[in-house]
Amino acid sequence: MEALFFYVASAIAIISAVSVVLQNKVMYSVLSLIVALLAVAWVYAMLSAPFLAIVQVILYAGAIVVLVLFAVMMLRFDEKEQRRLRPDLLGVFGVLVAMVFTGVLVSLFYRGCFECASIRGESASIPADFGSIRSIGSVLYTQYLIPLELASVLLLVAVVGAVMLAGRR
């Protein structure tokens, strides 16, 4: 039964992500993005990572999508003025990128590069504190300290740049 819920959540996430790209109207695309992010949060919750699920809902489905909605409303997209540059070439390029990505994932899977014990029939050992705030924090501030600090500096530069651009009138 758990596998069925996982496949349903995955299908919803994939279909709504494709809908984000294929929608003609910007607002429908943003609504599809909300559904995709909520489906990903559902998958996180099923993987026993409640902190990641909550962060996914609050940060991405809440704050980021509201920011995108404000940007869409402030830019006043006129649906009649939206024209794609050669949509047939963009579609072909998108399909080719998706096929290459899928091929790489399938080849890695069959070579055994993924360490997935449950697929091989072995029992998977999940730590007791998997997905907790303490375990995520300890990994972020030990193994990934430099990338975390670089990301914070990049976000600071982006905020300062946005303030500078908004101040020029």
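The values are calculated or read from the model by the stated rules, or taken from the named source; none is laboratory data. Predicted model, so just to flag it, every value in this text is computed and none were measured. Neighbour counts are summed over all protein chains in view; Cβ atoms, including those assigned to glycine, are modelled from backbone coordinates with ideal geometry.
Report yes if residue 114 is within 23 Å of residue 49 (Cα to Cα), surrounded by 10 or more Cβ atoms within 10 Å (Cβ to Cβ), modelled with pLDDT under 75 and among the aromatic types (Phe, Trp, Tyr), otherwise no. Taking the combined requirement at face value, the residue satisfies it. Within region 127-169, the set of residues being in a loop (DSSP other than H, G, I, E, B), surrounded by 10 or more Cβ atoms within 10 Å (Cβ to Cβ) and modelled with pLDDT under 85 comprises 129, 130, 131, 132.
Taking the conditions (1) in a helix (DSSP H, G or I); (2) modelled with pLDDT under 80 in turn, residue 120 satisfies each one other than (1).
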